[in-house]
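> Dropping a structure here in structure tokens format, bear with me for questions.
The values are calculated or read from the model by the stated rules, or taken from the named source; none is laboratory data. Every value quoted in this text rests on a predicted model; they were computed, and no experiment measured them. Please note: Cβ atoms are built from the backbone with ideal geometry, for glycine as well, and neighbour counts cover all protein chains shown. Accessible surface areas use protein heavy atoms only, side chains included; no ligands, DNA or RNA. Shrake-Rupley method; radii C 1.70, N 1.55, O 1.52, S 1.80 Å.
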Amino acid sequence: MKTDDTAPTPTLGELELLVVLAILRCGDEAYGVTITEEIRRRTGRRLARAAVYVTLRRLHERGLVRSTTGTPLPERGGKARRYYSIEPEGLDRAQATQTAFTTMWDGISLAPADAPEEHR
Amino acid sequence: MIDRLLLRVLSIVAPEELADEIEGDLREQLSQLKRSRSSVVATIWLARAVIGAALSIGWSRTPFARRGSFISPPLPARRRSLPVTLNDLRFAVRLIAKQPVLSATAVGALGVSMCLAIFGFTMLSSTLWAELPLPQGERYVYMEVTDPETLDEVGVAPEVLERWINESSTLATIGAFEWGQANLEPVDTEPVGIRLVHITPRGMAATQVEPVVGRLFEPRDAVPGAEPVVLLREDLWEQHYRGDPDMLGAPIRLGGSDYTLVGVLPREFAFPSSHNLWLPRAEHGPGVVDGSRPEAFGIMADDADMAEVQAELEVLMQPSDDELRAGPPNALRVVPYTRGLTGGRAAETFMAGVVTVLLLILAVAAANVANLILVRAVARSDEYGIRAALGASRTNLIAQGFGEVLLLGALAAILGTGGASLIFRWLRSVVDNELPMWIDFRIDPVVGGFIAFLAVFSTSIASIGPMLRATRGSLDASLRQGSTAVASGGFGRASASMIVAELALSVALLSTATLLGRGLVGLQQVDLGLDQTRVLTASLYLPPAPGVSEPSPIDTGLLADLESRVNIRKAGLTMRLPKEETRARDLEVDGREGIVRSHVAHSGLYFFDSLEIAALRGRTFTASDHETDAVPVVVVNESFATAHLGTSNPVGQRLRFASEPGAEPTAWREIVGVVRDLGLNAAVPGESDGLYLPVAGSNFYQLTATFEGPFADAARAMRAVVGANDSRIIVREVQTLEQSGWAARTLLSATASGLSALGVMALALSVTGMYAIMAFSVQQRTREFGVRVALGAEPGDLVRRAVLSTCVRLASGAGLGVTRALLLSQAAAVLPIAVPALSMFDVAVVCGTMMLAGLLAAWLPARQAGRVNPADALRAD
């Protein structure tokens, strides 16, 4: 019988993975604006702003990311930036998601059947 | 400016922390944008961004949004909206339309219970907490003076009242009044007995009532030797004097004397509580009747409160040494006026007890409705599963359930309020002149608050429990596995016990109601062996004359005057009419062992003769038997002779009242005659043995007279003779012997109807609860039934098993109920009339009805379960 120790690490949803990767890419500068911009710049997807915040909050509630508050800035109307970074659990899940995708993609070619042999 | 407004939208839809984060980010981007683009473009961008975010966040906070988003943490208190949203109420309206029978049952059960609770509370509130509807009504106080030994209210001693009036500084005005009764004798109509009040002129003036015509009393009206004056209320003035303004200054005949009418007061004025005729009374001094102790009230001075009034009046009440020698000083309690005149603390405790019982009845009704709601909630568990999967928390679901039932509760509250208002209207029409002027059905803030409390109270009981149970466990599982995953606990023991208790209650109440009903029928059908339609009866009362504290007896010479009238054959007097209940007392019969208990009636002059009843043996009373120094004699009835004297001749035997151990024995009385049974215990003809004692010298009698010709003529002749004999005698309840005993019948039928109504309600609730339990368990076991039928079980067998378990509950309920009914029938002994013992037939009829209703409630859902197609049951569930 399987126990919890041997159970596979849960994976992340697509949007969750995008946000986690964007946080990793932004490093110390990961907050709402830069995360949204990073995803847009790299994938070309214009995500709904609220979707990013909701995802960030959900990851935060599940202990996959942590947040810290910066210094209040005048151009933000006196509001502070909320910076995000990844918790080890979040990294494990991102890793598990990548492994799951890689494993599933292994040996699959999406080249059309009538394509030249070298492309199959 | 526009930017700030736009950003403000976020703080409305999003939790505070999130709103701050998004707003900061948007402001930062906006300031960057403004550096490269125009302000207009930047603002349009901001508008799009804010609206987009607001819509997404607003949606994510609805119960339909995905679960696990940030809606779960509690919102800051300042933004928390009502626990029940308009959406919930919309669902509720839709549900009522979809399930009209269930909704009507719930509203009906809650509405009837609420009606009773609202009526009880309004009585409590308007009886004890209402202000007097007069100027400065809230400042009126009543001085409750009690004897410290007997705790009886004794009124204020004249010297104390004088000190209060002369020396009190905390009371702006002090008034005093005494109740009385007298015959009002209008010129061209029959005299009417009315309750009047003697009131001090200053007390009357303090009420600031404006006379319709004339004036109020003045101090000179109350001095000895002043012209006797009277004030009438508008309704009496119109009814008996045609509202004639010329009557002002004219004499009005009252209790045999003439009084000058000096003023007419408005019809809504009924001071001190429910009176409509006033006479002046002196405050103190020579105009006060010796020994009279009036009741006192006062209006507090502007700067005084009740504690100060109490403290001051207590000091002023300190008796002198002479007064102290006369006995211990009386106790004083200053209370709000309305409370003082409606029974004070005892009445408050009693009525609060009644309201508590009515609230418990409502709680029982709500618990039954909860069973119905649980059935509905379980049937909708798939829907809850979907909502939960879309992000609704358990709290959301419970709030939605609460909102749905709240609408039912609100409808029931409206129904209950309407019902209570109707009961009040009926009460006013029946006992208008008996109800104090401040008792009325008004939805003031206190009553309104109570009605709202009832709606929320019953809704909470009826909804939260079922919803907690219906949303217990994994709602996802309910979607995957079907509704059996939800609420697998089913109905708890508490529900089943409640049903049993209700069944017991309904058996007890209905059995007792049947019992009283039989008593009522017995009372109406009693045969006295004479033509009851040819016997005129009337109640005669001679109130004490003004200035005399001891009443004088009614002059029996009026009997001879009555018999001199052509249409009255014989006239006599008695204390209790045939068919009226008489007291049973313990007796000893000379020469026989033991104590016998029998009914005792007091018979006045010529009672038996007036009914033209001859003695079966010996004789009836003669005039000399009623004299004070006569030899003590009794007349027994036939049942007494048979039951207690055997075959021996009763005439000449002796009996006496049993005395307390150690006390002086009472005198022996000789039996001088035997008469036939005359309804000494009309409700239980089998136990009507009793005896008659001669009585004389009373100021109260029941007149009995056999008459010829039309009743109205005889009644008119009787009134004329009584009036001519002594116009102060108050004549009431003029009717034939057949109609007499109305009060007893009314009491009996009102008690029987009340118990029947409660019993039927308890039965309806228990049947509803039983139906809910059966429907629920059938719903829960549909899959099981399917499997059993698939395995070869007979559907009929399943139905039988389900019904059998209900039978067990019914039987235990009936058993408990019979026990309670026996106890209740014992309690019926406190009624002023006898009721027959509880018969097994009554119990059997009630139990049978109840069993039939209960089995039907169980059989219908069980039959449905038995018909289920196994394949469908397995596939669907």
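> Quick one: which of B:L422, B:L415 is open to solvent by 20 Å² or more (accessible area, probe 1.4 Å), without any contact (Cβ under 8 Å) to a residue 40 or more places away in the chain and under 17 Å from B:T122 (Cα atoms)?
B:L422
> Residues that are away from chain B (no Cβ under 14 Å): list the helices (runs of 4 or more DSSP H) wholly contained in region A:22-105 that include at least 1 such residues.
A:32-43, A:88-105
> Right, next: Do we have any residue at all in region B:642-662 that's outside any loop (DSSP other than H, G, I, E, B) and of a type in the set (V, I, T)?
Checked region B:642-662: at least one residue is outside any loop (DSSP other than H, G, I, E, B) and of a type in the set (V, I, T).
> Right, next: As an exercise: evaluate B:W179 against (1) open to solvent by less than 30 Å² (accessible area, probe 1.4 Å); (2) closer than 18 Å to B:N276 by Cβ and give the number of the one condition it does not meet.
Evaluating B:W179 over (1) open to solvent by less than 30 Å² (accessible area, probe 1.4 Å); (2) closer than 18 Å to B:N276 by Cβ leaves (1) as the failure.
> Evaluate the following for B:I443: is it of a type outside the set (F, W, Y) and either free of Cβ contacts under 8 Å to residues at least 40 places away in the same chain or touching a Phe, Trp or Tyr at 6+ places or on another chain (Cβ under 7 Å) (or both)?
Criteria met by B:I443.
> Right, something else. Count, please, the residues in region A:68-100 that happen to be among the basic types (K, R) and at pLDDT below 85.
Residues flagged as among the basic types (K, R) and at pLDDT below 85 within region A:68-100 amount to 2.
> Just to be sure I understand the filter: pairs with C-beta atoms under 7 Å, separated by 6 or more residues or on different chains, first member in region B:698-720 and part of a strand (DSSP E or B), second member among the charged types (D, E, K, R). Which pairs pass?
B:Q702/B:R576; B:A705/B:K570; B:T706/B:R534; B:T706/B:R569; B:T706/B:K570; B:T706/B:E612; B:F707/B:R534; B:F707/B:R569
> Here's a follow-up. Can you tell which of B:D221, B:D246 is within 19 Å of B:V187 (Cβ to Cβ) and part of a helix (DSSP H, G or I)?
One residue alone meets the criteria, B:D246.
> Please verify whether region B:687-697 includes one or more residues that are touching a residue at least 24 places away in the same chain (Cβ under 8 Å), surrounded by fewer than 20 Cβ atoms within 10 Å (Cβ to Cβ), assigned to a helix (DSSP H, G or I) and in contact with a helix residue (DSSP H, G or I) (Cβ under 9 Å, 6 or more places away or on another chain).
Taking every residue of region B:687-697 in turn, at least one turns out to be touching a residue at least 24 places away in the same chain (Cβ under 8 Å), surrounded by fewer than 20 Cβ atoms within 10 Å (Cβ to Cβ), assigned to a helix (DSSP H, G or I) and in contact with a helix residue (DSSP H, G or I) (Cβ under 9 Å, 6 or more places away or on another chain).
> Residues in region B:540-547: is at least one in contact (Cβ under 8 Å) with a residue 40 or more places away in the chain, in contact with a helix residue (DSSP H, G or I) (Cβ under 7 Å, 6 or more places away or on another chain) and open to solvent by less than 30 Å² (accessible area, probe 1.4 Å)?
Checked against the condition, which is being in contact (Cβ under 8 Å) with a residue 40 or more places away in the chain, in contact with a helix residue (DSSP H, G or I) (Cβ under 7 Å, 6 or more places away or on another chain) and open to solvent by less than 30 Å² (accessible area, probe 1.4 Å), region B:540-547 yields at least one hit.
> Quickly run through region A:6-18 and pick out the residues that are surrounded by 12 or more Cβ atoms within 10 Å (Cβ to Cβ), away from every other protein chain (no Cβ under 14 Å) and without any contact (Cβ under 8 Å) to a residue 60 or more places away in the chain.
Selection gives A:L18 alone.
> How about region B:1-81: which helices (runs of 4 or more DSSP H) wholly inside it have at least 3 residues that are more than 9 Å from chain A (Cβ to nearest Cβ) and modelled with pLDDT under 75?
On the way: elements: B:2-13, B:16-36, B:39-60.
Output list reads B:2-13.
> A follow-up question, please. Could you go through region B:205-213 and let me know if any residue there is open to solvent by 20 Å² or more (accessible area, probe 1.4 Å) and on the phi > 0 side of the Ramachandran plot. Full working, then the answer.
Of the residues in region B:205-213, the ones open to solvent by 20 Å² or more (accessible area, probe 1.4 Å) are B:205, B:208, B:210-213.
Imposing the further condition that a residue be on the phi > 0 side of the Ramachandran plot reduces the set to B:208.
Within region B:205-213 (the criterion being open to solvent by 20 Å² or more (accessible area, probe 1.4 Å) and on the phi > 0 side of the Ramachandran plot), the answer is yes, since at least one residue qualifies.
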